Amino acid sequence: MAGGFDWNGFERAVTDAVVGAVRAAVRERPARQPCTVAALGEIHREPGGVIAMPRLAMTTVDALPGHPAGDPDWLPEHAGWQRALTGFACRAGLPEWHDAFQRYLTALTQAGRSSRRQLRDVRAVDADFVVLVLDDEHRETLLRRVLPAPELHRLFPDLDRRHAAAAPSSIAHLGPTGALVDARR
């Protein structure tokens, strides 16, 4: 346990629980209603206080614009993880709480990527299946962390276009010395 909270254990627990929940959902859904997204969302927190475990929703890409209803009890020992995380986050002051919350979001995105990889490796889901981490405040950052670029482009073209529009436009090439040269000069 590094620094008072077992981040590796938490990531493993989230990954295992997502994989188990998705496999169960796939078995229960009829083939005509495929589950194409597992979404970790509704991440409730009170700065300087509680950090709640996310809800897990099984849904389709078409349902993503809304907030899919999720199961609050999908993670075994969720109350224990929540107590431990909140205690760790509140151990000092608000800066430490914010650091712990950012690390929590990172753990969720890593677990999301790992879950997807495991599910695809055993062919439990289709190739286009994704696991997302959704939060209104950190939406774009989390989507970019959890999804490979082609999936981000396919599912969220608005983010892809906005990113391209925000990128600095420059016309550059490599000069004779190998240095980047602005061709507008």
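Coordinate-derived values only; no laboratory data. Note that the structure is predicted; figures quoted are calculated from it, not measured. With ideal geometry, Cβ positions are generated from the backbone for all residues, glycine too; neighbour counts draw on all protein chains shown.
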**For segment 7-147: relative contact order, % (alpha-carbon pairs under 8 angstrom, 6 or more apart)** = 29 percent
**Complete:** Restricting to Cα pairs under 8 Å and 6 or more apart, the percent relative contact order of segment 86-139 works out to 24 percent
**Item:** Proxy reagent accessibility, fewest Cβ within 10 Å first, across 138, 44
**Value:** 44, 138
**Prompt:** How large are Rg and Dmax for segment 7-147 when only the alpha carbon atoms are used, in Å?
**Reply:** 14.9, 51
**Simple label model, 7 Å out from Cα along Cβ direction - residue 98 to residue 50, nm** = 2.3 nm
**Request:** Convert each backbone phi in segment 120-126 into a coupling constant with the Karplus relation 6.51 cos²θ - 1.76 cosθ + 1.60 (shift: θ = phi - 60°), then list the ³J(HN,Hα) values in order as whole Hz, x for Gly and Pro.
**Result:** 6, 4, 9, 6, 7, 9, 6
